[in-house]
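The values are calculated or read from the model by the stated rules, or taken from the named source; none is laboratory data. The structure displayed is predicted, hence computed values, not measured ones. Here the Cβ positions follow ideal geometry from the backbone for every residue, glycine too, while neighbour counts run over all protein chains shown.
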Amino acid sequence: MNIHLLLQMASEAMGHREAIVCGDRRMSFEELGEAAKAVAAKVQPGEKVAYLAEGHPAFPAALFGAALAGTPFVSLNYRLSREQLDAQIARVTPAQFITDTDVTGEGMTVSLPETVMQGELLLGEAPDEDGAVAVELFTSGTTGEPKSAVLRHSNLMAYIFGTVEFMSAGEDEAALLTVPPYHIAGIAAVLSSTYAGRRMVMLPSFTAEGWVALAQKESVTNAFLVPTMLQRIVDASNGSLNLPSLRNIAYGGGKMPRATIEAAMTLLPHVNFTNAYGLTETSATICMLGPDAHREAFASDDPAIKRRLGSAGIPIPSIELQVRNEEGDVCGAEETGLVYVRGDQVSGEYKGLGSQLDSDGWFLTKDRGFVDADGYLFIDGRADDVIVRGGENISPGEIEDVLRSHAEVKDVAAIAVADTEWGEAVGVAIVCPASVDDAELCELVRANLRSSRVPSVIKRMDELPYNETGKLLRRVIRDSFAQ
Amino acid sequence: MGQIYKPGTKLSSTVCKTQIMALRVPNEELDITCGGAPMQVGDPAELGTMGGENAGTLVGKRYTDADETMEFLCTRGGEGTIAIEGYVIDIKAAKKLPSSD
């Protein structure tokens with residue numbers, strides 16, 4: 001299989017449809033098909049296609065163009081420091097780089113995003129080699145050195161065939177793309193939108209005002225947001241948002257605070273919200289909490305239904321999911337353990353480390369969580385973030401949820417701090433006014449949880465550190481406590 | 001005549017523009033025809049004459065047999081009808097999922 005087929009089908013069956021809007025530029029699927037052929041023609045034998053820029057029409061052209069040329073597409077984070085970038089470039093070369101930043105290095109051929117889509121075209125069929133790699137993406141590395149996740153054509157095609165119907169978008173539909181090209185959600189959005197025939201409206205650098213203005217101007221119907229982006233849109237709204245065309249908002253990429261989703265649902269009652277839970281290694285979404293489940297949970301007085309607003313939802317039909325305890329046994333309902341998934345879209349493979357799937361094809365996500373009696377998945381956090389106090393496993397999430405329930409608490413993170421008596425103890429970094437004193441915060445935790453959960457250190461911060469796609473940088477917080 | 005196919009294999013009609021890709025296939029020899037003529041790997045140099053009754057194929061639709069033991073994606077539509085071992089395969093009803101990206 002080859003992901004280029006998605007664009008080929010789109011350009012043959014609906015070539016006249018608008019595919020991309022970016023600034024003043026508009027391209028049809030047919031034109032995107034030509035642009036991909038121009039990218040493919042520039043690739044020299046042995047080269048990968050490396051994309052190092054913000055969102056631009058050259059991003060989808062390069063993703064499909066690499067596939068047509070039969071070589072992996074690699075997307076690099078343009079926000080990295082020069083040192084980090086040089087280290088990643090060395091892991092990618094030789095490659096045809098598409099970038100407007102001033103980088104040079106051994107094994108790099110450099111093209112500008114504008115010019116790479118012009119010139120000679122590569123004609124002919126895309127290669128169809130078994131097991132060929134479509135995309136290599138560096139994981140965010142919030143816990144250590146970034147790993148290069150390998151996604152094969154068969155993984156990405158399984159995701160698309162499992163979740164999208166061809167040409168299912170109406171001619172009026174448009175998706176607002178704000179997630180950067182180096183994020184799996186950015187890749188997935190291009191593949192899904194192309195196959196569905198949905199216009200992609202690109203917003204290269206996100207601001208809440210810019211997002212709302214573009215959504216209005218282009219009558220956007222669909223959007224994907226990470227939680228911090230949705231929070232900023234809510235904050236900037238002043239209590240009302242005029243987005244009559246908007247129908248669907250999907251969100252993911254980090255934990256969505258309850259207050260944020262409730263505020264967004266109140267502001268946009270006509271919009272369908274979907275929580276999409278997935279990882280780079282699983283070719284994007286593996287579980288969904290759909291619009292009906294959102295509305296039911298929002299309206300319910302039953303605590304077991306109400307809490308589903310914080311759920312990752314249920315596995316999509318093409319995915320199997322199990323929560324297992326430390327002994328490897330499948331957990332019962334409400335029992336917390338490690339989340340395992342299986343399905344054709346799950347790659348679970350890193351460059352240089354090989355496949356991490358077990359002999360039966362299961363992949364350990366390293367997320368902790370549990371499933372309720374009706375099969376809804378609740379993610380607790382990363383297994384690496386668990387606080388082990390005197391042999392007892394403490395989930396940061398439960399402490400954070402309790403503290404966040406305080407009206408004055410804007411943001412909070414619980415992390416492990418070294419403790420001479422217990423090995424580890426609970427440290428809390430918190431954003432809240434000084435009028436709320438430590439004793440009050442400790443009492444809140446004690447009253448709702450157990451005394452072992454009460455923080456031994458509380459640190460006041462102006463804001464918590466997040467990366468640009470809204471992932472909380474716990475490592476940075478841990479380091480600041482250690483100093 | 002029959003052949004064993006694997007997922008990802010693309011077959012072209014020899015009598016119309018239809019092209020299909022195998023998504024799920026049993027590990028057994030299959031006789032696959034379109035418009036009454038055997039389908040082949042790669043497009044034919046010229047199209048032959050269509051036989052039998054044909055309702056055509058639709059690009060982007062999935063086709064499956066009565067027992068759903070196999071599934072094909074139509075990657076290019078045409079006028080011929082696809083049959084496997086002499087039985088016509090039909091469009092599989094789509095499962096509607098909310099848009100997640």
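Structural remarks
- Complete set of residues in region A:438-481 that are small (Gly, Ala, Ser) and buried (at least 16 other Cβ atoms within 10 Å of the Cβ): A:Gly470
- If the condition is being within 24 Å of A:Asn467 (Cβ to Cβ) and in a strand (DSSP E or B), then region A:202-230 contributes A:Met202, A:Ala223, A:Phe224, A:Leu225.
- Test result for B:Ala45, farther than 15 Å from B:Glu79 by Cα and assigned to a loop (DSSP other than H, G, I, E, B): yes
- Pairs where the first residue, in region A:173-198, is more than 17 Å from A:Gly253 (Cβ to Cβ) and the second is surrounded by 24 or more Cβ atoms within 10 Å (Cβ to Cβ) and of a type in the set (D, E, K, R), C-beta under 7 Å, 6+ apart: A:Glu173/A:Arg198; A:Glu173/A:Arg199; A:Ala174/A:Arg198; A:Ala174/A:Arg199
- Identification of helices (runs of 4 or more DSSP H) wholly contained in region A:1-93 with 3 or more residues that are more than 14 Å from every other protein chain (Cβ to nearest Cβ) and of a type in the set (D, E, K, R) yields A:29-42, A:82-92.
- Residue in region A:348-371 that is more than 22 Å from the chain's Cα centre (by Cα) and closer than 22 Å to A:Met256 by Cα present: no
- Considered as a group, the residues in region B:71-95 that are within 8 Å of chain A (Cβ to nearest Cβ) and assigned to a loop (DSSP other than H, G, I, E, B) include one that is farthest from A:Ala188 (Cα to Cα), and that residue is B:Gly77.
- For region B:6-16, a residue qualifies if it is more than 10 Å from chain A (Cβ to nearest Cβ) and out of contact with any Leu (no Cβ under 6 Å at 6 or more places or on another chain), and the qualifying residues are B:Leu11, B:Ser12, B:Ser13, B:Thr14, B:Cys16.
- Annotation note: of A:Pro257, A:Pro204, A:Pro269, the sole residue that is surrounded by fewer than 19 Cβ atoms within 10 Å (Cβ to Cβ) and touching a strand residue (DSSP E or B) at 6+ places or on another chain (Cβ under 9 Å) is A:Pro204.
- Among all residues of region A:415-422, there is none that is in contact (Cβ under 8 Å) with a residue 12 or more places away in the chain, touching a Lys or Arg at 6+ places or on another chain (Cβ under 6 Å), under 17 Å from A:Leu338 (Cβ atoms) and not aliphatic (A, V, I, L, M).
- Tally of residues being away from every other protein chain (no Cβ under 14 Å), of a type in the set (Asp, Glu) and either without any contact (Cβ under 8 Å) to a residue 24 or more places away in the chain or over 22 Å from B:Ile91 (Cβ atoms) (or both) across region B:21-70: 4
- Test: residue in region A:325-335 that is at pLDDT 95 or above, surrounded by 14 or more Cβ atoms within 10 Å (Cβ to Cβ) and not in a loop (DSSP other than H, G, I, E, B): no
- Here A:Leu338 passes the criteria (1) within 14 Å of another protein chain (Cβ to nearest Cβ); (2) assigned to a strand (DSSP E or B) except the one numbered (1).
- In region A:4-27, of all residues being over 16 Å from A:Gly197 (Cβ atoms) and of a type outside the set (Lys, Arg), the one that is surrounded by the fewest Cβ atoms within 10 Å (Cβ to Cβ) corresponds to A:Asp24.
- Condition broken by A:Arg295, with the remaining ones in (1) away from chain B (no Cβ under 14 Å); (2) out of contact with any strand residue (DSSP E or B) (no Cβ under 6 Å at 6 or more places or on another chain) satisfied: (1)
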